[in-house]
Amino acid sequence: MKNFYKKVPRTSRWRYFSSMLLMVLTASLGNVKAQVSAYTFSQSNGAFSSIAASGTVVAGSEATTSTTNDTSGWTVTIPFDFNFNGNNYNSVYVNSNGGATFGAVTNTGSSLISATTAYDGAISVMNRDLWGAFITSGVTTNGSNVITNVVSMQGIEVGKALNAVNGIPTGATVTAFDATAGTITMSAPATSSSSAAVVRYGSGIVYTATEGTAPNRVFVIEWKGYNDYGSAASDSNHLNFQLRLAETSNIVSAVYGPSYIFSTGSKTNQIGLRGFANSDYNNRAGTVSNPWNATNAGTSNSATVARNNTNFPASGLTFNWTPPICIAPGIVTFGIPSSSSVSLSWPALPAASSYTIYYSTTNTAPTAATVLDATNSVTVTAPASTGTIAGLNPSTQYYVWLRTNCTAPDQSVWSAKGSFVTACPAVTAPWTYTVESAANTTSAVIADCWFTNPGGTTTLYRWNVDGSGSTPSSDTGPASAYSGVRYFYTEASEGSTGSIAELYTPNVNVTALTNPSLQFYYHMYGATMGALHVDVFDGAAWTNDMLVLTGQQNTSLTDPWKLAIVDLGVLNITGDVKVRFRAVRGTDFYGDLAIDDISFMEAPSCFIPTALTVDSFTAVTATVSWTAPASVPSAGYNVYYSTVNTAPTASTVLDATNSVSSTTVSATIPGLVPNTTYYIWVASNCGTSQSTWVGPVSIYTGYCSPAPSSVDGQGIINVTFGSGTNVVNNTTAAETGNYGNYSAMVGDIPAGVASQVNITYATGYSYGTKIWIDLNNDLIFNDATELLYTGLSTSADPTTLSALITIPATTAPGTYRMRIGGTDNDAGPSSSCYTGTYGAFEDYTVNVTPPPSCLPPTGITVDAASITSTGANVNVTVSSPAPANGYTVYYSTVNTAPTSSTVLDATNSAGSTTNTVALSALTPSSTYFVWVRANCSATDLSDWVAGPSFNTLCAPVAAPYTQSFSSGSLPNCWSNVNPTSTSTNANAFWKFSGTADYGAVIANSTKPGGTFAWVDASSPYTGEHTVQLISPQIDLTGLTNPYLQFEWFKNHLDAPAGSLPSYDNNKLLVHVTTDGTTWTQIFADDTNSSVWRTVGIPLASSYVGATVRFRFTVDKDVAGNGYFYDDLLLDEISVLQNPNLATGEVVSNTKEVKVYPNPFTDVVNISDVKDLKSVSVVDMSGRMVKTIANPGRQINLSELKAGLYILKLDYKDGTVQTVKAIKK
């Protein structure tokens, strides 16, 4: 959204606020009291009488070393009415910076007189940046609890907490002190020594007390021990001073007590009084060379009096400010301005004999030369303190001043009291406002005597005027005005839920109308539309909610405006009325409501109903309701419906095919055609006449059609559900509009039972999935009661999501529409009528059957650890009660569910009376699909329930066996897994193509990419402990002493100096298992080498004759983190006879043997045949294909097929060499 706003002139804001009906105007400018400048200053010298011993401590004012009261303040109660600047106060706000303020606005500042903040008044006694801490210096000695050479101890007391610096221990307090000796004893010894320790403790505190008796009491506020703010001992100037407020005389006194000034620098202080604005002040001025008893009157509000260690106020110096006897009133309250008058009131003053009100349309203050007469002034005789200014012009701004007249000739100064705007004159009905004369605005400033609340703002929910078509927000508001180009609208882009915006009409005189009514057109389109309330003021009181429209009333931007009529005759108004359009914001910005062509006119003979609403509908009926008008029609209502959006007229013939009538405020329309859009109107029937038709509202007698604008891949490609004879197994491709209506397909699902719905996606992304069933057949999928499943598919392509849904057991048997929808976000579709991006939807029909007597199994899983090449275990969750005859599992390599006619035998099924069913005699390396049913008795069987599919392992290969990883991909029957990781990143798994980096580049590892397996050390590595490569099953029957041999490479020895953290060592671990569950570690190493290393591991005798699997695991996060440098490479895995234990051979890397040419065509040459006993040729499956005893230097292998082979050379001295050779 974009909104373009303009700044509102200040005068426009005043015009609104001074004209709002029933709003009491205490004019903010009207409280300017230019009075303190009239106070008389005097000074005297006397004794300072501290109240510390008898006064009351102001709560929170006592400072400590940690709570220093820097910029703090407290409200204290004055026990009598103290008049300051023309207003009475019973409290004053005292701050820690030596000042005080009156009124609701408080201030803790250090320059109260010159501050721009508007508050009722202020007194600056010693106003500057002060705090309640005292700082001195001394010497601390480690182990000693005495601070020596303390410079000063002003305000010190036993028990005061000290600051923990320069050896002063934490929590230390003062236990004794000796000012003469300059020592402070602490509660604990110093923890270190310092010759210039900064010693700080709290010394500041504020007291109050009341002296004397009424009516001549004095309220005293004393600041004791507050000091100039600073971090050094030279900054601490220990100050004591009082503010004294005298009852009756209202004299303000500042009295200065004993001070201890150490700072040689000048400290400036604001001293004096200040009124409402900083232009009204009565202060003192003096430089550091000017004695405090010889200060001058300040000539600016920032004037100060300076002090240092030689020039400061003497104890007992008193500054007095005495108010004049005749002062102007303080706060003035304005009443509601009419079009010709306004009332005022103010606090009565005892010295007044009368008051004079001066008013003018120009903001020029009266002077002594101003001639006062009946056209510009009003005199009010005391003790009255209210007055009325009459004879004013409508819609005009006036400025007001007020003066007190005491005993002649004593008068106060004129005091400005602000301004007000008189109301507009009433317009005479009949009257219509089309909004065309109002200027466009986005800042709630509306002309023509219309007013808004809030007004003059671009940041709040408000009424504006639009003349450019639609409102600034998308998908809300009208496309254009009802007539002309301009209309009123609310800007819902601002504000929050429940925010209120009010629009007030001018006063309208309806005397000429026999039966007055308010008529206007409205447009309320937007998904989060709030409400419109219409309130009426009859000159004495408001009648709220004469009309209420709630929620969206229009269906689009271009939907026609609707007419509303409010009967004003029921209020029996004979004079002026004012209407308030009160808009309430909805939950979001889609709520710009609009009104246009507002009229006050004769009411129609038959009033229209309002708030036409669709209550419910089915495929063949619809029920609508409405709100009755204030004058209920005598003959009820007519309801018209049509498949064409054309409103009925007076000439429209109503009959049984297009209308119904009702004597209540609702009606049911029968005989509708399914899957059809209908438009509905309602009109009041007053017998001899009929009101205007109201509407339309529309319905579609069918389900909404979701229409995702895009989909990943093909979307949903299969849905399978149902039981018994009605099973749906629907395979599809991408559908037009990404929605398929397969409601003609019906599947049985029993009520009250968890039933499975399998959804197969071909998207390559995880899809958040929801399943709805319209359980009340009202054509609406209700999220609260009819959303039966929410889940997330995997990102595999394809992937099947097995969803469990439970239809409520109370659901009546019959058919219901089911909708399945998925979107590429975890939460799933935002609506069953989704039209956003990347989604897929399909509809089906569910035939709900009674709950079965034999409950189908749930929680079907295949135990991954149990899967072998020929068997697997299927587990189920035991139902309650458990089936008496256990469970039967049907399995097949074809994904076709069994039926009641399927013949079960030992080749396709197995059973068990427990919750585990063992499958056997399976085909190796095959995909199997399983279904399970419960057997409650010989004849009472549950429906078949599909379980997950699984793959049997490969058949065991016979040793000797070799794997050289030369295909560039995962070898057949090997597993590449990471069981403890959630990552799908390729770096979290073994790789079989590409080249390693850094220390394992080809220049170091010598082997090209695609000829070894490897683990990339790059991210992710945190938490990646189980990057696993698992061999196929290997039958060791042919080996009497089995032996595992492999080559590996890991090198970061050539890393740049300092670039590797100490923990960067990926670890290789090797395990062996016979059952796939228990794994035994036989190797672990994290060292590095710049060459390939060959490892040989004899297997324990317990493995002789067994079938085993080997697991090669890389831990990328050995020490809590990983690093990208040390890729790990693996090659030439062989399972063979142990050369050492079998023949006395030892594995060695010292003999260098070459075969050539390589690749070869038919014949290969061996570089070293001395003592060569035999050559064995092993193919890539590990099968030995040829053995040559006592070979010569040249051997013929022409009979071999093209491919990669391992030549195993056995020498008479027991050494063994293996060489790769490629047959062309």
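Any read-out appearing in this document is the output of simple, stated calculations on the displayed coordinates, not a laboratory observation. These numbers were taken from a predicted model, which means no experiment stands behind them. No Cβ is skipped: glycine too gets one built from the backbone with ideal geometry, and neighbour counts run over all protein chains shown.
In terms of the mean number of neighbouring beta-carbon atoms within 10 Å, the peptides 298-307, 456-465, 271-280 order highest first as 271-280, 456-465, 298-307. Fully extending the segment from ASN675 to GLN397 would add 93.8 nm, taking 0.36 nm per residue of separation and subtracting the current Cα-Cα distance.
Along segment 1109-1117 the Karplus relation, 6.51 cos²θ - 1.76 cosθ + 1.60 evaluated at θ = phi - 60°, assigns HN-Hα couplings of 10, 10, 10, 9, 10, 10, 9, 8, 9 Hz to successive residues, with x for each Gly and Pro. Pairwise inverse Cα distances across segment 880-922, averaged and inverted, put the Kirkwood hydrodynamic radius at 11.6 Å. Please label the shape of segment 571-638 as rounded, prolate or oblate, based on the square roots a ≥ b ≥ c of the eigenvalues of the alpha-carbon gyration tensor (a/c under 1.5 means rounded; beyond that, a/b larger than b/c means prolate, else oblate). Taking the square roots of the gyration eigenvalues as a ≥ b ≥ c, segment 571-638 is oblate. Its Kirkwood hydrodynamic radius, worked out from the mean inverse distance over all distinct Cα pairs, puts segment 427-602 at 15.9 Å.
Going from the fewest other Cβ atoms within 10 Å to the most, the residues ASP1016, ASP905 appear in the order ASP905, ASP1016. Which lysines, if any, have their Cα less than 27 Å from the Cα of LYS224, not counting same-chain residues under 8 positions apart? Once the sequence-local lysines are set aside, what remains near LYS224 is LYS160, LYS267. Using a cutoff of 8 angstrom between alpha carbon atoms and counting only pairs six or more residues apart, the relative contact order for segment 1155-1223 works out to 37 percent.
Using C-alpha pairs below 8 Å separated by at least 6 residues, the relative contact order for the chain is 6 percent.
Size check on segment 715-848: the Cα extents along the three principal axes, sorted descending, read 38, 30, 25 Å. In percent, rounded to a whole number, the relative contact order of segment 277-427 is 23, using alpha-carbon pairs under 8 Å and six or more apart. Residues ARG217, ARG200, ranked from the fewest to the most other C-beta atoms within 10 Å, line up as ARG217, ARG200.
Computed over the alpha carbons of segment 610-701, Rg followed by Dmax gives 12.3, 38 Å. Put in line by how crowded their Cβ is, counting other Cβ atoms within 10 Å and starting with the fewest, ILE805, ILE608 read ILE805, ILE608.
Give me the distance between the Cα centres of segment 890-949 and segment 432-490, rounded to whole Å. First find each Cα centre; the distance between them is then 71 Å.
Per residue, the convex hull around the alpha carbon atoms of segment 957-1137 comes to 106 Å³. Checking the a/c ratio against 1.5 first, then a/b against b/c, what shape does the Cα gyration tensor give for segment 136-198? Oblate.
In a solvent-free Debye calculation with one equal scatterer on each Cα, what is log10 I(q)/I(0) for segment 858-951 at q = 0.13, 0.20, 0.25 Å⁻¹, listed in the order of the q values? Each listed q maps to, in turn, -0.38, -0.93, -1.44. Excluding same-chain neighbours fewer than eight residues apart, the lysines reachable from LYS1116 by a Cα-Cα span under 17 Å are LYS991, LYS1050, LYS1067.
Kirkwood hydrodynamic radius of segment 542-583, from the reciprocal of the average inverse Cα-Cα distance over all distinct pairs: 13.0 Å. Shape class for segment 957-1023: oblate, because the ratio a/c of the largest to smallest gyration tensor axis (alpha-carbon atoms, square roots of eigenvalues) is 1.5 or more and b/c is at least a/b. The rule of thumb for compact globular proteins, 2.2 N^0.38 Å, goes into the C-alpha radius of gyration of segment 333-422 1.04 times. Counting every C-alpha pair in segment 907-990, the share spaced more than 14 angstrom apart comes to 78%.
Principal semi-axes of the equivalent ellipsoid, √(5λ) from the alpha carbon gyration tensor of segment 748-818, are 25, 13, 9 Å from largest down. Among residues other than ASP1127 whose Cβ falls under 11 Å from its Cβ, what is the net charge (Lys/Arg +1, Asp/Glu -1)? Residues near ASP1127 contribute 0 overall.
With the alpha-carbon atoms of the chain aligned to their principal axes, the span from lowest to highest coordinate is 144, 112, 59 Å, starting with the largest. Placing R0 at 51 angstrom, the Cβ-Cβ distance between SER949 and ASN782 gives a FRET efficiency of 0.90 after rounding to 0.05.
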